[in-house]
Amino acid sequence: MEEIRTPKPHHLIYGTLKDYLTGEELTDTDDERTRQDLSRMIVEDRGYPRDTLQARLKIETFFTHNFVTSVIDLTITLGNQLFMILRYGPGSLVSRERAAIAAARVLFPDYCVPFAVVTNGRDAELLDTRTGKILGYGLESIPDYETGKVMLESITCFPSYKGTQKEKELRILNAFDLERCCY
């Protein structure tokens, strides 16, 4: 039987806070405070209705004795179509690009989510998940609601990855999201 490794917590915990989108009670950490600020920005500054956002979708993988739960911090739906995912993580953005692209390619079984955002809360990159190219830099590169609708009209969503391609993307997600610091 394979050993399953799970990381130990390593964040300062301040108590609890209410989720901006759902009102759910969450553990209050520095990272969660940043996630809440990002949700607030997407609704209040970028104009997305709350009902177009879904928080904390998960993709679970198990490779090389490592069970990993990858969290999609925010998923934005426009016109009944997944439009964009947003993944938060402290530190460097470049180290998070490939995992965000992998997540967007396998999250939904019918098609790949066309856009992904990686952010550390102070900076961001908007990514085209088909090509992997960076479309914009900075928090201002996150499209507002009206721009998002125009962007969605101008693209053709490509099919979700299947078979070997899907497994490769899941392996990438597993490797990038594995927390090695806490064993």
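Every number here is computed from the coordinates shown, using simple stated rules; none is lab data. This structure is a prediction, so every number in the text was calculated from the model and none was measured. Virtual Cβ from ideal backbone geometry, glycine too; neighbours counted across all protein chains shown.
In terms of surrounding Cβ atoms within a 10 Å radius of their Cβ, Tyr20, Tyr137, Tyr161 rank from fewest to most as Tyr137, Tyr161, Tyr20.
If only the Cβ of Lys and Arg carry +1 and only the Cβ of Asp and Glu carry -1, the dipole of the chain around its Cα centre is close to 540 debye. Each Lys and Arg Cβ is given +1 and each Asp and Glu Cβ -1; about its Cα centre, the range 112-183 then shows a dipole of about 400 debye.
Here the simple spin-label model places points 7 Å from the Cα toward Cβ, and for Ser141 and Glu60 these points are separated by 3.4 nm. In straight-distance terms, cross-link reach from Lys133 covers every one of the lysines whose alpha-carbon lies under 28 Å from its own, apart from those fewer than eight places away in the same chain; here that gives Lys58, Lys149, Lys162, Lys166, Lys168. As a length-normalised measure over Cα pairs under 8 Å and 6 or more apart, the relative contact order of the range 54-177 settles at 25 percent. When only the Cβ of Lys, Arg, Asp and Glu is charged (+1, +1, -1, -1), the dipole of the range 69-164 relative to its Cα centre reaches about 380 debye.
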